[in-house]
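The values are calculated or read from the model by the stated rules, or taken from the named source; none is laboratory data. In this text the structure is predicted, and so the values were computed from the model without any measurement. Note: ideal-geometry Cβ built from the backbone for every residue, glycine included; neighbour counts use all protein chains shown.
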Amino acid sequence: MQRLMEAREIQAIGRGLFFLPRKNPLTGRLTSPGAEAIVQAIARRDGLRLVGDGMSAANVLGLGTGVGAQSIWFADRAREPLTLGNQRIEIRQAPSWLLKWQGRRAGVVVNALAFNESAYRTGSGWNAVECQAGLDRLKQVAGSEEGSGLTTDLRHGFAGLPLWMQDFLRPLLNPDAQPAWAADMPIDHDETPEGPRP
């Protein structure tokens, strides 16, 4: 193993994790695996339950266009950050409510909203412009063929969401509900959710 590393035939990522560098045909430089491949390998090695990458979830839904040098994932246990080339990868411990959405139909929505929380909440108030844009986009997604089943799954897990997220999603699940930011409702910071149904 040491001989292969010295010859640069393999490279170490972390304890017990190695990869075969490949040469980029355009630049001629050696390339490393993407963040998702690395995180999946760590999860297999350590038996982690991954929730996912919030930035990717937001981008998939059209709630963000972020491309960062830092990739932040959530799992049932945290791991030491890794730096490989110019990318930094963090695996943080997920709150218990977020872990419950792993593998669920609407998990990508919950993950994206959790990632975008700071865009929607400003201190004790709402960022009305960002909230309305996010809600409008989720309505488009939910009404599409690809979004089939999202609202049903969100209803089933609604009471387990943080209260601010319940307030955000209520107009999506109940068209008669007035958005919290339009009603100028204060944000409830309680993170032990057991809220009312939508």
For residue 39, state whether it is modelled with pLDDT of 85 or more and of a type in the set (Val, Ile, Thr). yes
Need a quick list: strands (runs of 3 or more DSSP E) entirely within the stretch 8-63 having at least 2 residues that are under 29 Å from residue 133 (Cα atoms). 50-53
Within the stretch 119-129, tally of residues that are touching a residue at least 12 places away in the same chain (Cβ under 8 Å) and either part of a strand (DSSP E or B) or acidic (Asp, Glu) (or both): 3
Quick check, is residue 110 surrounded by fewer than 17 Cβ atoms within 10 Å (Cβ to Cβ), β-branched (Val, Ile, Thr) and in a helix (DSSP H, G or I)? no
Starting from residues that are under 18 Å from the mean Cα position of the chain (by Cα) and in a loop (DSSP other than H, G, I, E, B), keep the ones in the stretch 142-182 and report whichever is farthest from residue 124 (Cα to Cα). 147
